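Below is one structure, written out as structure tokens, with a few remarks after it.
The values are calculated or read from the model by the stated rules, or taken from the named source; none is laboratory data. None of the values given here were measured: they were computed from a predicted structure. Every residue, glycine among them, receives a Cβ derived from its backbone with ideal geometry; neighbour counts consider all protein chains shown.
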Amino acid sequence: MFDYEGRRARLSERMEVEEVDLLFLAPSADLEYLTGLERQIPNFGQESYAHGWVAGAFFRPYTEPVFVLPRMLVAFEQRGQLDGDVVVVGETDDGFEVFERVAGGLGARRTVAVGDRVWAESVLNLGRILGFDRIRTGSSIVNELRRVKEPDELAALDRAIRPVEQAMAAVTPLVVPGATTAELVEAVEHELRKAGSRCPSFTTHVFTGLGGEDYDSGAARARDPIPEGTAVMFDYGAVVDGYCSDFGRTIFCGNPPTEYREAYDVMLAAQEAGRSAASAGTLAADLNAACRGPIEEAGLGEHFRHRMGHGIGLDIHERPFISEEDRTPLEPGMTFTDEPSIIIPGRFAVRIEDVLVCEEGGGRSLNSYPAAMVANS
């Protein structure tokens, strides 16, 4: 489906520029981006296999990757054929000996980069085999490739957005006084799966902003009935073909007071300010400032405690961050969230979130779901 060979060719160019001779990536979004080796669906508790630390692939410029994979991963998780050599480590094998043989057989290397999701045991053993003074971090190399999305990636993001919008349409009528946030979380995730999502792209949040725990469906407060006069915020995402969506809307239970209506209008103005300013060449920090502008001007700046957004793609949070510390110039094809919020403790909260793609004249929303205020009695 995706041009993995073309991606690896661009990686080779980056490795030459960075003077990196060898790159080792564990199962991760980076490895999936380059080879199609799917990640597991995340679990709260860590799963593990014998010799699990060896799992990953070595990359050299203009050469097919060499995978080292535990037998259990190959038998139960790998889908389809992988381009490159695959070395399988069985349960009774000497995992270090196999890893040493593969890594040492790739030739003398001056600089060895490792991904951010590589186990410490893997890094320590690479250091023992190849020399600790040669090792550096390597995910930034792949991140620079992943930041700008190709047309097939934008199409995948479109497919990941459809389930979240279908779920919102289905769940909106359920947001009434007396419902619980735990029930709404369950409904959202049920609808996501019905609509074709592999799993939630992150922990589904349905919360009021009035307390510190009701966003967690396992907390006691999540089982409390939502009272009339409460704003309920949704923050969730889907996964389709490995790509993540991130989506948010707010629904008011009851008749919204004037101050809520006014804050909602400010929040919509902030989101539009962010979208229109998301043009190529704008610094991420300046885009964040543009989004904050209407909220600051309305005197509500202290209640915008978040950032405008973050990059999104194979990971739910990718760089660049659309935040005050990030000075990355935006490029056409970069995708990121536009998610201003106003959270006033003890009173109400409003938030809306869509995914944008940077274009020459400003951001284009990949979402089509209405942003107008919704209130249910």
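Candidates Gly281, Gly274: the one that is part of a loop (DSSP other than H, G, I, E, B), within 20 Å of Glu360 (Cα to Cα) and either among the basic types (Lys, Arg) or in contact (Cβ under 8 Å) with a residue 40 or more places away in the chain (or both) is Gly281.
Residue by residue through segment 143-158, note down the ones that are buried (at least 16 other Cβ atoms within 10 Å of the Cβ) and more than 15 Å from the chain's Cα centre (by Cα). Passing the criteria: only Leu145. Being out of contact with any Gly (no Cβ under 9 Å at 6 or more places or on another chain), of a type outside the set (Ser, Thr, Tyr) and buried (at least 21 other Cβ atoms within 10 Å of the Cβ) is true for just one of Arg261, Arg249. Which residue is that? After applying the criteria, what remains is Arg249. Against the condition part of a loop (DSSP other than H, G, I, E, B), touching a residue at least 60 places away in the same chain (Cβ under 8 Å), more than 23 Å from Asp315 (Cβ to Cβ) and out of contact with any Phe, Trp or Tyr (no Cβ under 9 Å at 6 or more places or on another chain), how does Arg117 come out, does it pass? Spelling it out, it is not the case that Arg117 is part of a loop (DSSP other than H, G, I, E, B), touching a residue at least 60 places away in the same chain (Cβ under 8 Å), more than 23 Å from Asp315 (Cβ to Cβ) and out of contact with any Phe, Trp or Tyr (no Cβ under 9 Å at 6 or more places or on another chain). Scanning segment 352-377 for residues that are of a type outside the set (Gly, Ala, Ser), in a strand (DSSP E or B) and at pLDDT 95 or above yields a count of 9.
So which residues in segment 169-199 are of a type in the set (Lys, Arg) and either in contact with a Lys or Arg (Cβ under 7 Å, 6 or more places away or on another chain) or surrounded by fewer than 16 Cβ atoms within 10 Å (Cβ to Cβ) (or both), if there are any at all?
Arg193, Lys194
Before we move on, is Val89 without any contact (Cβ under 8 Å) to a residue 40 or more places away in the chain, in contact with a His (Cβ under 7 Å, 6 or more places away or on another chain) and crowded, with 16+ Cβ neighbours inside 10 Å? Yes: the conditions hold for Val89. Name every residue in segment 295-348 that is part of a loop (DSSP other than H, G, I, E, B), of a type in the set (Asp, Glu) and surrounded by fewer than 17 Cβ atoms within 10 Å (Cβ to Cβ), in order of residue number. Within segment 295-348, Glu324, Glu325, Glu331 meet the criteria.
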